[in-house]
Amino acid sequence: MATDRSVSSTSRRSFLSWSAAASAAVAMRIVTEPMLARARVHNPPASAVMIDANENPLGPCTSAREAIAAITPQGGRYSDGLTDELVNTIAHMEGIKPDYVRVYPGSSEPLHHTVCAYTSSSRSYVTADPGYEAGMFAAGAVGARVVKVPLTKSHAHDVKAMLAAGADAGVFYVCTPNNPTGTLTSHSDIEFLVENKPKGSIVLVDEAYIHFSDGTSAVDLVKGDRDVILLRTFSKIYGMAGLRCGFALGRPDLMKRMQEYGGANAMPITAVVAASASLQHAQLVPERKKINAAIRQEVFQWLERNGYSYVPSQSNCFMLDVKRPAKEVIDAMAHQNVFIGRIWPAWPTYARITVGTRPEMEQFQAAVHKVMTGAVTAAATAGLRQRKLRLDGVIVPA
Ligand SMILES: Cc1ncc(COP(=O)(O)O)c(C=O)c1O
């Protein structure tokens, strides 16, 4: 065929590798926090306290809302230039070249694409336990070995144990602050991981929650052209989970490989202008960090006064040790219209709690106290529709 002859062997090869990547992407389901958090509960009542998915009840800031309203009449156009502007703003703020920045509708996509690009049946995925599970599903989809390494006693990633367990690693995933514990892994530990990892592997640093914490970003490692891909999202402190915007930072050659698995589609312009407006609001992050920390501290003090155990966190979530199978407490809380987060198989007596508004956390406290003192049980949760598919101990929607 004429068209066949006109394609060089190099471009045929790159088409074939592209199509292999594309078919992997088609076959793969991107697992996200709401899918994991809401797998158990379908259609909660409107009055429910939803502190199960690490969302931000404050939503987007006022200037982001205004930007969305103002751009809506232009919704008939792709307006790629707006995404370029956002890329330039991020690059400027992070002190990095624009070609090191890729914007996505949330950070779930680049997370999955990175895992698909750098793990395989011969290159494992090394992650913390308990840790954010999404990447494990991508690794599973490409047939990679998933290595779960327990956190240290101080709940940091155990980078030495991760290295020891991952001589064949393709990706070391470090989420700091960690989801679900809200605990930090130090910059020096991440650097140690980067320095000592096997050749050909990358370190994927997920900073979805970094703005809530006093942690040091790993962006300098990206700037230093190390084998690091870094993820951020507007879903957390910026309150834009439903609007969908996030980004990846990395050396262009690393990102190119990851992009073979997707991410070339146009961005929703509402998300792009809201993200740009949020970044231009210089006080937004410090203000919201302060609000979250104050409410979190009040909850911790209440838990301590009442003799409950928890893991101190620097994020908008924390792990509560209910000293019994946590599912019982999760179900009994749901019966009181308070939906708390899920369980990690490694810590079966802990449930993850998202820090909500002050009134929401007061409702949480009242409900948890009733449950823990035996005033309420899970007996009447039968009405909640449950959809379960267990993969590696995690519940996801069928
Ligand atoms: C650790 C972590 N990384 C990434 C994400 C992805 O968030 P999104 O796709 O909303 O940007 C989440 C969501 O909760 C998360 O907890």
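Please treat every number below as a calculation from the coordinates, not as lab data. None of these values were measured; they are calculated from a predicted model. No Cβ is skipped: glycine too gets one built from the backbone with ideal geometry, and neighbour counts run over all protein chains shown.
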Contour excess over end-to-end distance, with Cα ends at Ala294 and Ala266 and 0.36 nm allotted per residue: 6.3 nm
With everything on Cα atoms, drop me the angle between helix 269-280 and the longest principal axis of the chain, reported from 0 to 90° to the nearest 10. 70
Sites excluded, trypsin sites (Lys or Arg not before Pro) in DSSP loops with at most 13 other C-beta within 10 Å, longest stretch of the chain: 200-322
Rg over Rh [alpha-carbon atoms, Kirkwood Rh] for the chain: 0.98
Under the rule of -39500 (n - 2.57) per DSSP H run of 4 or more residues, summed and divided by the residues of the chain, what mean residue ellipticity at 222 nm is obtained, to the nearest 500 deg cm²/dmol? -12500 deg cm²/dmol
For the range 283-356, the Cα gyration tensor yields equivalent-ellipsoid semi-axes (√(5λ), largest first, whole Å) of 23, 13, 12
What is the set of long-range amide H partners of Ile202 at a cut-off below 5 Å, with H atoms built 1.01 Å from backbone N? Val171, Phe172
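Taking neighbour counts of Cβ atoms within 10 Å as a proxy for exposure, in what order, fewest first, do Glu66, Glu195 appear?
On the way: Glu66 14, Glu195 10.
Least crowded to most crowded, the residues run Glu195, Glu66.
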Calculate the spin-label point distance for Asn43 paired with Thr72, positioning each point 7 Å from the Cα along the beta-carbon direction, and give it in nanometres. 2.7
How many angstrom separate the Cα center of the range 333-363 from the Cα center of the range 240-273? 31
Considering Cα pairs under 8 angstrom that are at least six residues apart, work out the relative contact order of the chain and quote it in whole percent. 22
Have a look at Phe300, Ile202, Pro44 and report the one farthest towards the positive end of the charge dipole of the chain, computed about the Cα centre with Cβ charges (Lys/Arg +1, Asp/Glu -1). Pro44
A 25 angstrom limit on the alpha carbon distance is what I want to check against. Which of Lys148/Lys327; Lys97/Lys290; Lys197/Lys236 exceed it? Lys97/Lys290; Lys197/Lys236
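Let's see if you can work this out: charge +1 on each Lys and Arg Cβ, -1 on each Asp and Glu Cβ, no other charges. What is the dipole magnitude of the chain about its Cα centre, in debye to the nearest 20? Please report the intermediate quantities before stating the final value.
On the way: 41 positive and 35 negative charges, 178 e Å.
It comes to approximately 860 debye.
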Lys199: which aspartates and glutamates have alpha carbons under 12 Å from its alpha carbon, excluding same-chain residues fewer than 8 sequence positions away? Asp168, Asp227
Pairing the Cα long axis of helix 9-27 with the longest principal axis of the chain, what angle in degrees results, from 0 to 90 and rounded to the nearest 10? 20
Principal-axis tilt of helix 80-94 within the chain, Cα atoms, nearest 10 degrees: 70
